[in-house]
Each structure stands twice: as structure tokens, then as C-alpha cells.
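Have a look at the structure below before the remarks.
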Amino acid sequence: MIIPVRRLAAVCALGAALAACGTAPAPPAARPAPDRPAPAGSSAAPSSPAAPAPAPSRAPTLAPGPAGLPPVFHHAPRTGDKTVALTFDADMTADQGARAADGERFDHPELIAALRALKVPSTVFMTGRWAEEYPDQARSVGRDPLFEVANHSYSHYAFTDDCYGLPTVPEKRMRADVERAYEAFREAGVENAMPYFRFPGGCYDRRALRAVGGAGVTAVQWDVVSGDAFATDADAVARQVLEGVKPGSVVVMHCTRSAAPTTERAVRAIVPELRRQGYRFVKVSELIRAAGERP
């Protein structure tokens, strides 16, 4: 989803300039190791009776909430463990193929290269349409242990009405839109996509949660808005993130050369400063594991 700088507290996305990310594989000598990633979790992702579970059975998830609705995860418990998850939305929409054919790039190889060089474990919320457009890059990210791929729908159409101008997915098609993204990941060679789903635009309600519940996903939001979309000042983006991060935070960012051009520079400022403050970068799965283990 695309988050304008001025909407610091809102869940948001702009449908016309949606982003994506990925890059070609790094050579073996340059491929970094993560910040001491935790081992795989032990809780199982619930599966749909109509289709196989979309992600590895060992991925940590959260138990369904009231009325069986999928849980919505914003951040880990605020403990003394100074962990933070940087997340990057690869949100090319289903109707942007013509723009890609005309030369608009929805990827940002320099950003992915920077994350590799800085050895930052990250979670990429990818749309299925983006994986179709850039299968080699999707596969590169999906097979790199530094990253984990999660679901951002197939189409990046809204799951509620009045969501930043995005087209709306009919309720009867919502679950199918989630499952179609997992199919696109598998076709691109991403075999271990996680059972985590981020609503396009961050917009959801009980109806949307109920519709995607059968796909066996944990919904993942955030508690820190980076403001990187359409930003021209990387320092301002970095300051916004550094001022918002707390132990257990989930930061929402984007990786696209067209709609979030300053993100790579911002990341290069954010990462060393948070490490100086004692933070350790982790994937969303580690934060969800910590939330699930909380007494």
C-alpha cells in the first residue's frame, strides 16, 4: 500500500501509483546473513477446507479472534527485547500492466541490494500481479533466507468501500483474491510464502476479515508509518521512522522506483541508527512468534 507522508496515523494507499519490489539474485559472495534470525516457529497455519494451506505449516500464526475472525497483528509485545520489523509492500495492481509495458518500473533493485548489503531481515508483502510481472525477482526474494514473502492480495483492489480510490473486490471474491496471490507466488517459484496477509490500503472491516478467514491467514498491519510514498526527502522519512519505532514495532515502507524513490536512502540512514540504539532487525514471523508466546 502507498502511504502519503501527511497521513501519519491513517491506514492508507493511493491506487494510481502503487509500488513493488525485487531484484536479481545476489552473487553468493555478496549474499549477507540475517541479524541472527530465530528458528522456524512451531504453530501451524490453519488451512482452508477447499484448498491446501497457502504457507508452510511451521510458520507462526495467531489464534482466531472472536467469532472465528482472523487476528490482526500490529506489533509485538512492548518488552525489553528491542526488535523491529521493516516491511516493504510490493503493491502493483491488476490493471497496471499497460504502465509496466510502457516502461514504468514497479521494482527497486537498489533497495533490495541495500537490504542485502546491510544484512537486514525483512518481510515483503507482495501482490500476485507483481509476482506475475517480475517472476525472476519474486523468486530471488522468495528464495533468499534474508527475506520472507507474505500476501498483499492478487489485485491490490480494496477489501472495503471508500479506500483511497482503489477499485473494490466483491465480497464473494475476497478469499479467492488472497488464494490467487499464493498461486502466483508458486508459479513464480516462491515456494514458502508466509500465511500473513496485509489488506490493500490497510482497509478492512469485519466483513473483510470474515471473507479472508478461510484462507488461513493472520492479518498484519503496522504501528509505524514511514511516509516514504512520493517522498522527496529521505532524511524526513528516516526521522519519521526513528521517532516512531518502539520495541516490537512493524514499520510499513515501499520498494518502487516510481512511487517511493527515497526509500533506499532512508533505509541506509535508519538501519545504522537503530542498531546504534540497540535494536535488532527481524522478520514479521519472529514478532508474531513472540506475540504467540506471551503468557
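Taking 7 Å along the Cα-to-C-beta vector as the label spot, tell me the Arg280-Asp205 distance in nanometres, rounded to one decimal.
4.2 nm
Going by average Cβ neighbours within 10 Å, how do the peptides 187-197, 236-246 rank, with the highest at the top?
187-197, 236-246
Might you tell me the accessible area per residue for region 220-295, computed with a 1.4 Å probe and given in Å²?
In whole numbers, region 220-295 has 38 Å² accessible per residue.
Of the accessible area of region 179-255, with the probe set at 1.4 angstrom, what percent is carbon plus sulfur?
Result for region 179-255: 42 percent of the exposed heavy-atom area is carbon or sulfur.
Work out the P(r) tail for region 52-206: percent of alpha carbon pairs separated by more than 23 Å, whole number.
When every Cα pair of region 52-206 is considered, 39 percent fall beyond 23 Å.
Quickly work out the Ser258-to-Ala98 label distance, labels modelled 7 Å from Cα along the C-beta direction, and quote it in nm with one decimal.
It works out to 1.2 nm between the two label points.
Please list, in order along region 124-141, the HN-Hα scalar couplings obtained from phi with the Karplus expression 6.51 cos²θ - 1.76 cosθ + 1.60 (θ = phi - 60°), rounded to whole Hz, x for Gly and Pro.
Each residue of region 124-141 in turn: 9, 8, 10, 7, x, 5, 5, 4, 5, 6, 10, x, 5, 6, 4, 5, 4, 5 Hz.
Give me the orientation-averaged projected area of the Cα convex hull of region 181-290, in nm², one decimal.
For region 181-290, averaging the hull's shadow over all directions gives 8.4 nm².
Report the relative contact order of region 177-295, percent, no decimals, based on alpha-carbon pairs under 8 angstrom and at least 6 residues apart.
For region 177-295, the relative contact order is 20 percent.
Projected area of region 122-217, taken from the Cα convex hull and averaged over every viewing direction, in nm²?
5.6 nm²
Which net charge results when you count Lys and Arg as +1 and Asp and Glu as -1 among the other residues whose beta-carbon is under 12 Å from that of Val237?
-2
Compute, for region 62-154, the length of the dipole vector about the Cα centre, with Cβ point charges of +1 (Lys, Arg) and -1 (Asp, Glu) only. Units Debye, rounded to 20.
For region 62-154, the charge dipole is close to 440 debye.
Extension gain Ala63-Ala113, at 0.36 nm per residue separation less the Cα-Cα distance, in nm?
Difference between extended and current length: 14.5 nm.
If the only charges are +1 at each Lys and Arg Cβ and -1 at each Asp and Glu Cβ, what is the size of the charge dipole of region 209-294 around the Cα centre, to the nearest 20 debye?
So the dipole magnitude of region 209-294 works out to roughly 260 debye.
Under 18 Å from a point 7 Å along the Cα-to-Cβ line of Arg105: which residues of region 227-270 have their amide N that close?
229-232, 254-268
The values are calculated or read from the model by the stated rules, or taken from the named source; none is laboratory data. These numbers were taken from a predicted model, which means no experiment stands behind them. Virtual Cβ from ideal backbone geometry, glycine too; neighbours counted across all protein chains shown. Just the protein is used for accessible areas: all its heavy atoms, side chains included, with ligands, DNA and RNA removed. Shrake-Rupley method; radii C 1.70, N 1.55, O 1.52, S 1.80 Å.
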